[in-house]
Amino acid sequence: MAYCRNILDLVGNTPLVEVSEFSPNPDVRILMKLEGQNPGGSVKDRVALAMVEDAEKSGLLEKGATLLEPSSGNTGIALAMVSKVKGYRLKVVMPQNVSEERRQMLFAFGAEIIESPGSEGSNGAVRMAEKIHAEHEEWIFLYQYANHANPMAHYEGTGPEIWRDCPDVTHFVAGLGTSGTLVGVGKFLKEHNPAVQVWAVEPPAGEMVDGLRSLDDGYIPPIFNDFGGMQILDRKTVIGPRESIEWTKRLAESGIFAGISSGSALAGAVRCAESIESGVVVVVSADAGWKYLSTGVWTEDIDVVVERARTMVYF
Amino acid sequence: MPVEIRLPSILRVHADGKSTVEGNGSTVGEILEDMVNAYPGMDGQIVTADGSLHKFVNVYLNDDDIRYLSNLDTSVSDGDTISILPAVAGG
């Protein structure tokens, strides 16, 4: 094949790159899967394409349909790209406090942005989208948090790619957002080698949860329980903004220009490597650094950037 | 030695507005129980009546979610910190 039918043919099949220079243990190798190489710039291209194709197969989507989706950014951007190619309209419910680049990319692909309160983080975007959907049932609500096509994209794509490229994998580390990557890849890898350990990396909830009125406003994505997340995850660890940014900068120093959540994930992989005697850790870089230039990660004083990151949604 | 417990803003109202409190015990469960004895307003909010963690509450020992350690039986050492946070999503 000398050329692709359209840009969507380029989704998936991302490269795995050795970053063992960051391993604190000479007997542990670390490999990073660069999801920023997807055409829309993030791991969410897989999820967006899978959800739309699944809805098309089930006859839910007619030409010119309008999609509605809550997203802290990457899923919105990916859905916007897929919608442009396939001729759908898209409305994205997004927290106010995401980086400016995310907003601009949605404009580039012609999506409409509906802002949710920044203090409520992604939970607030989910709540607002549910409310809007109740008033506009004609809009198609793919809802990445409950849509099985989300983890299935990883069960059928990301997981098999990792297994093909690195059957020696002993530990899988990824960020926890919708949980789609972790439960999809984790389920696949454990089916092929039950000894594989799955580690989730979380951003600190910090100020993002100050908008919650009670603990009952908490949220667990339905796909997490539907796919047996409690059984798939072996460990869940929090990585703070400073550590995330420090590792994001170290990645750039070794030639990998990745987003802030990739720094968190790498910090988690390093923590994992410290805790085991030997093994091969595969860690997911969800996106590249482009959408975070305005946050000053690579150019400004780290104290200033950390303060900014505390009030920003970067997962 | 008492262990430091960090509270989310929504629980501080039950702890005289404090963002950190202390509790004694050798496991996370014992320490949380000690805390609830001191601040009865938190009764049932973190650990439910059946003795399990509230489904929308994550409790961390240092940086690790105790659900993937030994849950409320996770043992605690001097200098450890417990953090209580509501479950949130990303994406």
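Worth pointing out:
- Scanning the range A:50-60 finds one or more residues that are away from chain B (no Cβ under 14 Å) and either within 20 Å of A:Leu266 (Cβ to Cβ) or among the basic types (Lys, Arg) (or both).
- Where a residue in the range A:158-179 is part of a loop (DSSP other than H, G, I, E, B) and its partner, wherever it lies, is among the basic types (Lys, Arg), with Cβ under 8 Å and at least six apart: A:Leu176/A:Lys236
- Hits in the range A:220-239 - residues which are outside any helix (DSSP H, G or I), at the interface with chain B (Cβ under 9 Å from one of its Cβ atoms) and over 17 Å from the mean Cα position of the chain (by Cα): A:Asp234, A:Arg235
- For the range A:240-286, the tally of residues that are of a type in the set (A, V, I, L, M, F, W, C) and in a helix (DSSP H, G or I) stands at 12.
- Among residues of the range A:102-119 being in contact with a helix residue (DSSP H, G or I) (Cβ under 7 Å, 6 or more places away or on another chain) and either in a helix (DSSP H, G or I) or not hydrophobic (A, V, I, L, M, F, W, C) (or both), the one that is farthest from A:Ala78 (Cα to Cα) is A:Pro117.
- Residue within the range A:152-160 that is within 13 Å of chain B (Cβ to nearest Cβ) and aromatic (Phe, Trp, Tyr) present: no
- When residues of the range A:37-74 are limited to those that are modelled with pLDDT under 95 and touching a Lys or Arg at 6+ places or on another chain (Cβ under 6 Å), the one farthest from A:Leu10 (Cα to Cα): A:Gly73
- When residues of the range A:76-114 are limited to those that are charged (D, E, K, R) and modelled with pLDDT of 95 or more, the one surrounded by the most Cβ atoms within 10 Å (Cβ to Cβ): A:Lys91
- A single member of A:Ala273, A:Ala286, A:Ala269, A:Ala265 is more than 27 Å from A:Tyr145 (Cβ to Cβ), in contact (Cβ under 8 Å) with a residue 24 or more places away in the chain and in the same structural domain as A:Trp199 (by TED's automatic domain parsing), and it is A:Ala273.
- Residue count for the range B:66-85, restricted to those that are on the phi > 0 side of the Ramachandran plot and at pLDDT 95 or above: 1.
- Selection of strands (runs of 3 or more DSSP E) fully inside the range A:1-101 by the criterion of at least 1 residues being among the polar types (S, T, N, Q) and outside the structural domain of A:Gly177 (by TED's automatic domain parsing) returns A:66-70.
- Subset of the range A:159-180 that is in contact with a helix residue (DSSP H, G or I) (Cβ under 9 Å, 6 or more places away or on another chain), β-branched (Val, Ile, Thr) and within 18 Å of A:Ile30 (Cα to Cα) - its residue that is surrounded by the fewest Cβ atoms within 10 Å (Cβ to Cβ): A:Val169
- All conditions in (1) crowded, with 24+ Cβ neighbours inside 10 Å; (2) within 21 Å of A:Thr311 (Cα to Cα); (3) not charged (D, E, K, R) hold for A:Gly296, with the sole exception of (1).
- Scanning the range A:100-119 for residues that are out of contact with any Phe, Trp or Tyr (no Cβ under 8 Å at 6 or more places or on another chain) and touching a residue at least 40 places away in the same chain (Cβ under 8 Å), we see that the one that is farthest from A:Arg89 (Cα to Cα) is A:Ser119.
- Applying a threshold of 7 Å to beta carbon distances and a minimum spacing of six or more residues, or different chains, the list of pairs starting in the range A:120-148 at a residue that is within 14 Å of chain B (Cβ to nearest Cβ) and ending at one that is part of a helix (DSSP H, G or I) and acidic (Asp, Glu) reads A:Asn123/A:Asp217.
- Flag for A:Asp210 being at pLDDT below 95 and among the acidic types (Asp, Glu): yes
- Entirely in chain B, the strands (runs of 3 or more DSSP E) that have 1 or more residues that are crowded, with 18+ Cβ neighbours inside 10 Å and within 14 Å of chain A (Cβ to nearest Cβ): B:57-61, B:81-86
- Taken across the range A:146-154, residues that are farther than 30 Å from A:Asp27 by Cα, buried (at least 22 other Cβ atoms within 10 Å of the Cβ) and at pLDDT below 95 do not occur at all.
The values are calculated or read from the model by the stated rules, or taken from the named source; none is laboratory data. Small disclaimer: the values here were computed from a predicted structure and weren't measured. With ideal geometry, Cβ positions are generated from the backbone for all residues, glycine too; neighbour counts draw on all protein chains shown.
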